[in-house]
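What follows draws every value from the coordinates through simple rules; no lab data is involved. Owing to the predicted nature of the structure, the values given are computational and were not obtained by experimental measurement. As a convention, Cβ positions derive from the backbone with ideal geometry for all residues, glycine included, and neighbour counts pool all protein chains shown.
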Ligand SMILES: CC(C)(COP(=O)(O)OP(=O)(O)OC[C@H]1O[C@@H](n2cnc3c(N)ncnc32)[C@H](O)[C@@H]1OP(=O)(O)O)[C@@H](O)C(=O)NCCC(=O)NCCS
């Protein structure tokens, strides 16, 4: 029998989502980064002066995509971080829906930055971001070039 999926919903993340987020990021990047992501997303529920805001795209009870934004002290620029769509659902429009939502609900004066690899830069270009500069990452573990991309709200 044909089974209709519920429509994706986008909402702020809850503390109880952290283990699901860890699994999602691990599925893309491995356990090391999954743990790191869960620790950073946990900052959304901490007492730090500028808390990140985490968003999840959920279908049924399943988180299929996550992303976070964090402001700066002067409130003019926000950075988008930890954008992750579960590998089973890449190229289904989830990443685009999630980032478009974040830009729509954003405070008015804000410009957006994201640091990304070459492989995902085309995704951000589709969302109206442009490359501001390339940055050489000199880490021994994962050297390479990343791109600082930006757009106005
Ligand atoms: C990169 C990522 C977030 C994209 O999310 P997604 O849900 O697969 O992308 P969408 O389906 O929403 O794609 C939106 C548009 O971008 C395009 N696109 C998606 N990924 C792309 C890529 N890697 N390169 C170029 N274009 C891409 C799509 O074709 C689509 O184009 P359209 O609007 O003309 O149809 C997702 O693949 C992912 O999580 N990858 C692993 C983690 C990662 O790289 N995160 C980003 C780190 S900064």
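Using the Cβ-Cβ distance between residue 15 and residue 59 with R0 = 22 Å, the FRET efficiency computed as 1/(1 + (r/R0)^6) comes to roughly 0.60.
Taking each DSSP H run with n ≥ 4 as -39500 (n - 2.57) and averaging over every residue of the chain yields -8500 deg cm²/dmol at 222 nm. Indicate the gyration tensor shape class of region 96-153 (rounded, prolate or oblate), computed on the Cα atoms with a ≥ b ≥ c the square roots of the eigenvalues: a/c under 1.5 is rounded; otherwise a/b larger than b/c is prolate and the rest oblate. Here region 96-153 falls in the prolate category. The fraction of Cα-Cα pairs per 10 angstrom bin, counted from 0 for the chain, comes to 10, 38, 39, 11, 2, 0 percent, rounded to whole percents. Fully extending the segment from residue 46 to residue 145 would add 32.4 nm, taking 0.36 nm per residue of separation and subtracting the current Cα-Cα distance. Here the relative contact order of the chain, from alpha carbon pairs under 8 Å that lie six or more residues apart, stands at 17 percent. Each of 62, 15 was scored by other Cβ atoms within 10 Å of its Cβ. Arranged with the fewest first, they read 15, 62.
Reported to the nearest whole Å, the Cα centre-to-centre distance from region 77-153 to region 1-19 is 22.
As a proxy for reagent exposure, ranking 2, 82 by other Cβ atoms within 10 Å from fewest up yields 2, 82.
With both partners inside region 3-153, how many of the DSSP beta bridges are antiparallel, as a percent to the nearest 5?
90 percent
From least to most packed, judged by other beta carbons within 10 angstrom and beginning with the fewest, 24, 39 follow the order 39, 24.
Suppose R0 equals 25 Å; then what is the FRET efficiency for residue 120 and residue 77 from their Cβ-Cβ distance, rounded to the nearest 0.05?
0.80
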